[in-house]
Amino acid sequence: MTEPGSAKKPFRVIDTGVRPARAQIAFDQALIEAHKAGEIPDTIRFLTFPPTVLVGRHQLIGQELNLPACRAAGVFIGRRVTGGGALYLDEGQFGWELVFHRATLGLPSLADVAREICEAAAEGLQSLGLPARYRPRNDIEVEGRKISGTGGFFDGDTIFYQGTILMQMDGAKMAGLLNIPAAKLARHGATDAAKRIVTLAELFAGNPPPARAVKEALLAAFARRLGITPERGEITPAEEALAHRLHEEEIGTDEFVFGLDAPREGADVRSATRSGPGGAITAHLRLEGAGQDRIREVLFTGDFFVAPPRIVPDLEAALRGVALEAVPDTVEGFFAQAGAALMSAPGGDFARALLAAAGRGAPRA
């Protein structure tokens, strides 16, 4: 939180309106890259999706989505650049996000960023008369039901953090498109995905405030709690051009969206999951050597948050050829040198998931 009396920092405010899912995600990455290059100022963006399902950066798409149902429903299918879980979006919700320099708010860790921004968003909803509260690690709730999911990461000195606001939603449609594990619902005291969420339409008995009023409430709360000055701005042609290029070359491609899926079934693939307050980490493992005691390759998937996202493939590469007995020290050394930021999930959970897959330890339920 910004100290009282400190200078307020300007944030440009833009709204990209309704765009196809992959175009919106490409604009996310464009904001990050342009900010890292010093080409744009600290920015708040609002955005809206047509009917869309999104998976997190590290999730297996076929495991998280009911793909036949998604295709039958004609919804857009995309993959976020942030971690976290799968979600359904449409014009009944809007997204909000902040991209800014580490020094702007002076928050040392991803968990600190999540707490301050989510507390600010909760205060914005409170100003509308709702008992909204931040629930670690990354949800905003009203009386135990989720009204906003959030997530983000560091990339160099740039922080990217985003969330959604559920204005209205067809909960049954969402539940039919997403494969939400019962264990995940149980952690939040729910048995039905539709009952886990709540919308402004429900909370205001069918007459919620308009989206523009909710956005203004969020901006006012960000200004108060974070010590910033939101200023309406313009989307630049350079941002649009960069977003288009990123969409065409990577984020809009089927390879980016569908490329991370369950490894091909076979006797040599072993998998195990380590679940904790920081999310679920699954290790998919192939071993080699006469004693099957050395890593041939490993793939980590799940709804965890790690920054920057490239840390995960770097860790997978660092573990190739490593003896199982050396895994804990290798993982610890990797995270000590990589400068990674983890939200709640300790780096050791990657080692524990891997060793459980190898039959050298039991994952925690």
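Per-residue answers, yes or no, for (1) modelled with pLDDT under 95; (2) touching a Phe, Trp or Tyr at 6+ places or on another chain (Cβ under 9 Å):
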position: 1; (1), (2): yes, no
position: 5; (1), (2): yes, no
position: 16; (1), (2): no, yes
position: 28; (1), (2): no, yes
position: 34; (1), (2): no, no
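Here residue 137 meets each of (1) modelled with pLDDT of 90 or more; (2) within 21 Å of residue 81 (Cα to Cα) with one exception, condition (1). The residue that is least open to solvent (accessible area, probe 1.4 Å), counting only those in segment 271-291 that are more than 14 Å from residue 351 (Cα to Cα) and in contact with a Gly (Cβ under 9 Å, 6 or more places away or on another chain), is 279. Scan the helices (runs of 4 or more DSSP H) fully inside segment 207-311 and keep the ones with 2 or more residues being over 21 Å from the mean Cα position of the chain (by Cα). Counting at least 2 such residues, we get 211-226, 237-246.
Restricting attention to segment 176-196 and to residues that are at pLDDT 90 or above and surrounded by 18 or more Cβ atoms within 10 Å (Cβ to Cβ), the residue that is farthest from the chain's Cα centre (by Cα) turns out to be 177. Answer yes or no: is there a residue in segment 244-263 that is of a type outside the set (Val, Ile, Thr), open to solvent by 50 Å² or more (accessible area, probe 1.4 Å), modelled with pLDDT of 90 or more and over 28 Å from residue 60 (Cβ atoms). Looking for residues that are of a type outside the set (Val, Ile, Thr), open to solvent by 50 Å² or more (accessible area, probe 1.4 Å), modelled with pLDDT of 90 or more and over 28 Å from residue 60 (Cβ atoms), one finds at least one in segment 244-263, hence yes.
Out of 52, 104, 48, 43, which single residue is more than 25 Å from residue 232 (Cβ to Cβ) and among the β-branched types (Val, Ile, Thr)? It is 52. When segment 81-111 is filtered for residues that are modelled with pLDDT under 95, under 18 Å from residue 26 (Cα atoms) and in a loop (DSSP other than H, G, I, E, B), the ones remaining, listed by number, are 81, 82, 83, 84, 86. The residue list 53, 75, 99, 18 contains one member that is closer than 22 Å to residue 340 by Cα and either among the aliphatic types (A, V, I, L, M) or open to solvent by 30 Å² or more (accessible area, probe 1.4 Å) (or both), which is 99.
A quick yes/no check of all residues on (1) in contact with a Ser or Thr (Cβ under 7 Å, 6 or more places away or on another chain); (2) polar (S, T, N, Q); (3) at pLDDT 95 or above; (4) not in a loop (DSSP other than H, G, I, E, B):
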{"site": "41", "(1), (2), (3), (4)": "no, no, yes, no"}
{"site": "45", "(1), (2), (3), (4)": "yes, no, yes, yes"}
{"site": "50", "(1), (2), (3), (4)": "no, no, yes, no"}
{"site": "53", "(1), (2), (3), (4)": "no, no, yes, yes"}
{"site": "57", "(1), (2), (3), (4)": "yes, no, no, no"}
{"site": "62", "(1), (2), (3), (4)": "no, no, no, yes"}
{"site": "68", "(1), (2), (3), (4)": "no, no, yes, yes"}
{"site": "71", "(1), (2), (3), (4)": "no, no, yes, yes"}
{"site": "77", "(1), (2), (3), (4)": "no, no, yes, yes"}
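Restricting the first member to segment 8-34 and to residues that are on the phi > 0 side of the Ramachandran plot, and the second to residues that are surrounded by 19 or more Cβ atoms within 10 Å (Cβ to Cβ) and hydroxyl-bearing (Ser, Thr, Tyr), the beta-carbon pairs closer than 8 Å and six or more apart or on different chains are 17/48.
The values are calculated or read from the model by the stated rules, or taken from the named source; none is laboratory data. As the structure is a computational prediction, the values presented were derived from the model and not from experiment. As a convention, Cβ positions derive from the backbone with ideal geometry for all residues, glycine included, and neighbour counts pool all protein chains shown. In case anyone asks, the SASA skips ligands and DNA or RNA and just uses the protein heavy atoms, side chains included. Shrake-Rupley method; radii C 1.70, N 1.55, O 1.52, S 1.80 Å.
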